[in-house]
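Structure record follows, encoded as structure tokens.
The values are calculated or read from the model by the stated rules, or taken from the named source; none is laboratory data. These figures come from a predicted structure and were not determined experimentally. Neighbour counts run over all protein chains shown; Cβ positions are idealised from the backbone, glycine included.
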Amino acid sequence: MTCLRMAVTDLFAASDITSAISACQANDSFSPKAFFATVGLSKKSPPEIEKVFRILDQDKSGFIEQDELQLFLQNFSKGARTLTAAETRAFMLDGDMDGDGKIGWEEFSALVKSS
């Protein structure tokens, strides 16, 4: 039995991913809430949002850390840019509600629902 690794691209329309990536091509133009809305994440069910969280949590620590946030766009499109230091910091500040320097499932879910 083979275990298929789910990709973020399995959960969203290709056209929505393209639109969301295009909207933040320029450095320092990324907004998590705008991206979530454009790609359609904010309309997904909690189990679907959790699947996205698990994919973004690349080291399977149960948290999305700064290095994983920096590569956020690349989960949606292989050729996408990395987030700038300022964008990564702002994303972390938006999502890290308890100030521990990482975004847990509850925090990610709350951030997505607020978009």
Looking at this structure, is residue 110 outside any loop (DSSP other than H, G, I, E, B) and in contact (Cβ under 8 Å) with a residue 60 or more places away in the chain?
-> no
Of all residues in region 62-107, which are among the polar types (S, T, N, Q) and either over 18 Å from residue 41 (Cβ atoms) or without any contact (Cβ under 8 Å) to a residue 24 or more places away in the chain (or both)?
-> 66, 70, 74, 82, 84, 88
Out of region 77-94, which residues are surrounded by 20 or more Cβ atoms within 10 Å (Cβ to Cβ) and either assigned to a strand (DSSP E or B) or not aliphatic (A, V, I, L, M) (or both)?
-> 87, 91
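Looking at residue 76, is it touching a Pro at 6+ places or on another chain (Cβ under 8 Å) and not charged (D, E, K, R)?
Criteria not met by residue 76.
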Filter region 1-55 down to residues that are in a helix (DSSP H, G or I) and hydroxyl-bearing (Ser, Thr, Tyr) and give me whichever is modelled with the lowest pLDDT.
-> 9
